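The values are calculated or read from the model by the stated rules, or taken from the named source; none is laboratory data. Everything numeric in this text was worked out from a predicted model, so none of it was measured. Positions of Cβ are backbone-derived with ideal geometry, glycine not excepted, and every protein chain shown enters the neighbour counts. We work out accessible area using only protein heavy atoms, side chains counted, and drop any ligands, DNA or RNA first. Shrake-Rupley method; radii C 1.70, N 1.55, O 1.52, S 1.80 Å.
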Amino acid sequence: MLSELLQGTDTGGFLIVQDNISHSGRPLLKSFISAALNRDEDVHVLAFEASEEELKDGLQGLPCQRLHIHNAYIDPLGWTAHPAFTVQQFCFEELTQLAKQTSQPKPATLVIDSLSWILRHLNPPHVCKTLQQLRKGGAVRAIIGLLHADMHQRGTVGSICHLATSVIAVSPGMKADEAVAKTTKRAKSGKVTQDEEIFRINEDLTVVVLNKTSHPGPKQTDQEEPEMDPTANLTFNLRLSDTEREAKEKLALPFVFSKEKKMALLQSGPGSGRILYEPDANDDYDQEDPDDDLDV
Amino acid sequence: MAAPVNSVVNSSAKCSSFNATSFQKKTRSRLISIPGTRPSVQNGQLLVSTGVTSLDYLLGGGLAVGTVLLIEEDRYDSYSRMILKYFLAEGVVCRHELFVASAQHTPDDILQELPSPILDDVAIHKPVEQPRLSHEPQDSLDAMKIAWRYQNLPKVQTALASSSRFGHYYDVSKMMEAEIREAAKCHRFYLPEHPTQSSPTHSPMLESYSALLKSLRDVIQREGFEVTAPMSKSRNILRIGLHSLGSTLWGDDLCCHDNPRHGHALTTFLYGLRALLRSSLSVAVVTVPSHLIQNRALMGRITRLCDNAIALESFKGSEREANPLYKDYHGLLHVRQVPHLNCLASQLPDHKDLAFKLKRKQFSIERLHLPPDLSETVSRVSRGELAGTAMVGSACGSGTSGNKHLDF
């Protein structure tokens, strides 16, 4: 599913790369940037956490005129006279303006590195609202955000991920260059698909999906025990002979109604009471068969 | 709820007070008859269907007019949205008026996805096919007679259903036709389209919620859904569907922090909503993303302010998905609160372990009931292993530890 998402998130998509202290999600984010550049899309990066050089490292061979980095790394809070981008500018109007600056009429992809930084400085409802407006606004084709899950309260992470169409949670793998990605994708119809994959990121930022981790299914007991008859060496008799079985079947069990007994109870014999009834004009007679729901 | 019914009865009784005798035969027709409603069997309150037959049964016949049903959303909001859509679709079919409010999706998005009603189906509720036991005794030789005492007991009916039919069935795979949908009068509230001006007055309620409440009150007053409204025209029911209330998109930080700044915003809104509903012919379904709300005390307060409360717990993404016990179901349903309307004691559901599944033509809530496990392999294997391990230490197995056979 990871390679599927890399090939292009659908319009209006919102993808979150969720990482934690033990494994950084930035390499995967850069893979997404390079994949979008390879598709000839405009990419706007809001860089709060990494410098421009660090972000461009590895993207040299690509058409970089499509890559627009809005540097908020140097002065994120606007302390100098001419900040490039500040955290206060993270609102719908400003970002739409930014996305429309590019010459191409095609909507661009917005990459946020990282959402955690923004959430530290703006209140979560405002961030959620802005993200939702951007998705619906049409100026941005897709949003890809990096989120450090261990930096925020669980509710905040949950609220942000609740808005996302896809969430990729990365965690360290068994080997040094491998990582595990747990992907949750929500289709527009409400269908949810989940997948867990091991992947590796090459030097040129291509992602290689190594194998799907097997789901902890029902474990097969490997050693087949030879089938043995537990009734072989018994100290008592478990089997019935024909005469014994006959005797067993003759036995009348308590609380068992035989057919004769049932019929005797249902059919009234002579001397018992009967109900005689003559229909009256004022009778409230129900036309419906009261027993039509019975399976008789 | 009884209030609207009573007052209507009173007003109609006054109209006919010029009758010669004071004696009046008590008849059903004195109750207001609105299509898609019926009086409750227990307390005579006017009920509407939720659109899900088994949920109606669970709530004691249906949703009483003037009450709020709270649905705690499942993790991915797929099934809770389904129930909301069923509720609205039932309103469309019964020609009730709708009020849809959302902050995330436009109300039209929700309305377009309404399931298609199955109108021409027969009312017969087919009994759920019992799963055939793999080792069903066929010949009399092996017929089990040990449990003879239980042979006359009825089989456990897992599906919840009442005898009489109320509400309609829907086909989830098909969308409702546009002309049916447009026949119903619908009021929409989409939060981004309502510019919320920050009011100078310091009120505990958020602007988004007060705008919603104001819009609701306007609709109720304008369209004459109040109980006190003149009886000049035929009455109708207003069905209110509020999607994902309390989420961050409503501007509420309820989900984000343990001690939210607007902790009283949603509860204040619910008080207002309840006051509004109690005095009008309307009924509301509210969904809340409770899995995001960290503060349980706050969630409890929200539950208390609604009349009915159910919680959906989807198996999607949880380890329960692989559990063979739940293989037939899509999730669990917890009943958090049942309504106490004009009484001290309320009718409780007879069964607490409930599960739901979404089939193409039905969203059904069933009793979680375990059939007897008669297959040879399932439990006996573990028993055998257990005996094997016990044998190593036990004295009676010491002599024949190599040859594994039955020991007592």
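Annotations for the structure displayed:
- All positions within the range B:175-194 that are in contact with a strand residue (DSSP E or B) (Cβ under 9 Å, 6 or more places away or on another chain), within 13 Å of chain A (Cβ to nearest Cβ) and open to solvent by 80 Å² or more (accessible area, probe 1.4 Å): B:M175
Per-residue answers, yes or no, for (1) in a helix (DSSP H, G or I); (2) at pLDDT 80 or above; (3) of a type in the set (A, V, I, L, M):
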| residue | (1), (2), (3) |
| --- | --- |
| B:I124 | no, no, yes |
| B:I146 | no, no, yes |
| B:K174 | no, yes, no |
| B:P204 | no, no, no |
| B:S208 | yes, yes, no |
| B:I220 | yes, yes, yes |
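- Positions within the range A:161-185 being farther than 20 Å from B:E319 by Cβ and under 14 Å from the mean Cα position of the chain (by Cα), in sequence order: A:H162, A:L163, A:A164, A:T165, A:S166, A:I168
- Residue satisfying all of: in the range B:338-350; modelled with pLDDT under 80 and within 15 Å of the chain's Cα centre (by Cα); surrounded by the fewest Cβ atoms within 10 Å (Cβ to Cβ) among these: B:L348
- Whichever residue in the range B:255-290 is open to solvent by 30 Å² or more (accessible area, probe 1.4 Å) and at pLDDT below 90 and, among such residues, is farthest from A:H152 (Cα to Cα): B:H264
- Scope the range A:1-29; condition of a type in the set (D, E, K, R) and farther than 21 Å from A:K106 by Cα; matching residues: A:E4, A:D19, A:R26
- Residue tally, condition open to solvent by less than 30 Å² (accessible area, probe 1.4 Å) and either within 19 Å of A:V87 (Cα to Cα) or modelled with pLDDT under 85 (or both), over the range A:59-68: 1
- The set of residues from the range B:308-331 being over 16 Å from B:E366 (Cα atoms) and either modelled with pLDDT under 90 or in contact with a Cys (Cβ under 9 Å, 6 or more places away or on another chain) (or both) comprises B:K316, B:G317, B:S318, B:E319, B:R320, B:E321, B:A322, B:N323, B:P324.
- Summed over the range A:33-60, residues that are among the hydrophobic types (A, V, I, L, M, F, W, C) and part of a helix (DSSP H, G or I) total 5.
- Restricting the first member to the range A:57-75 and to residues that are on the phi > 0 side of the Ramachandran plot, and the second to residues that are part of a helix (DSSP H, G or I) and aromatic (F, W, Y), no beta-carbon pair is closer than 9 Å while six or more apart or on different chains.
- Helices (runs of 4 or more DSSP H) wholly inside the range A:85-140 containing at least 1 residues that are in contact with a helix residue (DSSP H, G or I) (Cβ under 9 Å, 6 or more places away or on another chain) and more than 13 Å from chain B (Cβ to nearest Cβ): A:92-100, A:115-121
- Scan of the range B:232-249 for residues that are touching a helix residue (DSSP H, G or I) at 6+ places or on another chain (Cβ under 9 Å) and more than 8 Å from every other protein chain (Cβ to nearest Cβ), ordered by number: B:R235, B:I237, B:L238, B:R239, B:I240, B:G241, B:L242, B:H243, B:S244, B:L245, B:G246
- Scoring B:R261 on the criteria (1) among the basic types (K, R); (2) closer than 27 Å to A:K129 by Cβ; (3) under 17 Å from the mean Cα position of the chain (by Cα) leaves a single failure, condition (3).
Residue-by-condition table, conditions (1) modelled with pLDDT under 85; (2) among the aliphatic types (A, V, I, L, M); (3) under 23 Å from B:I118 (Cβ atoms):
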{"site": "B:S16", "(1), (2), (3)": "yes, no, no"}
{"site": "B:T21", "(1), (2), (3)": "yes, no, no"}
{"site": "B:Q24", "(1), (2), (3)": "yes, no, no"}
{"site": "B:G36", "(1), (2), (3)": "yes, no, yes"}
{"site": "B:S40", "(1), (2), (3)": "yes, no, no"}
{"site": "B:T50", "(1), (2), (3)": "no, no, yes"}
{"site": "B:S54", "(1), (2), (3)": "no, no, yes"}
{"site": "B:L63", "(1), (2), (3)": "no, yes, yes"}
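- Check on A:I160, within 9 Å of chain B (Cβ to nearest Cβ) and among the β-branched types (V, I, T): yes
- Subset of the range B:314-333 that is open to solvent by 60 Å² or more (accessible area, probe 1.4 Å) and in contact (Cβ under 8 Å) with a residue 40 or more places away in the chain - its residue that is nearest to B:G60 (Cα to Cα): B:H330
- Subset of the range A:141-157 [farther than 20 Å from B:S247 by Cα and either basic (K, R) or within 14 Å of another protein chain (Cβ to nearest Cβ) (or both)]: A:R141, A:M151
- Sole exception among (1) open to solvent by 10 Å² or more (accessible area, probe 1.4 Å); (2) in contact (Cβ under 8 Å) with a residue 40 or more places away in the chain; (3) under 23 Å from B:P260 (Cβ atoms) for B:G300, by number: (2)
- Selection count, the range B:86-122, where residues are modelled with pLDDT of 85 or more, part of a loop (DSSP other than H, G, I, E, B) and either open to solvent by less than 30 Å² (accessible area, probe 1.4 Å) or within 14 Å of another protein chain (Cβ to nearest Cβ) (or both): 8
- Output for the range A:170-193, where each listed residue is surrounded by fewer than 16 Cβ atoms within 10 Å (Cβ to Cβ), assigned to a strand (DSSP E or B) and not charged (D, E, K, R): A:S171, A:P172, A:T193
- Taken together, the residues in the range A:241-256 that are more than 10 Å from chain B (Cβ to nearest Cβ) and open to solvent by 80 Å² or more (accessible area, probe 1.4 Å) amount to 6.
- Long-range neighbours under 8 Å by Cβ, at least six apart or interchain, first residue under 13 Å from A:L5 (Cβ atoms) and touching a residue at least 12 places away in the same chain (Cβ under 8 Å) within the range A:182-197, second open to solvent by 60 Å² or more (accessible area, probe 1.4 Å) and among the aliphatic types (A, V, I, L, M): A:E197/A:L210
- Output for the range B:44-85, where each listed residue is part of a helix (DSSP H, G or I) and within 14 Å of another protein chain (Cβ to nearest Cβ): B:Y79, B:S80, B:R81, B:M82, B:I83, B:L84, B:K85
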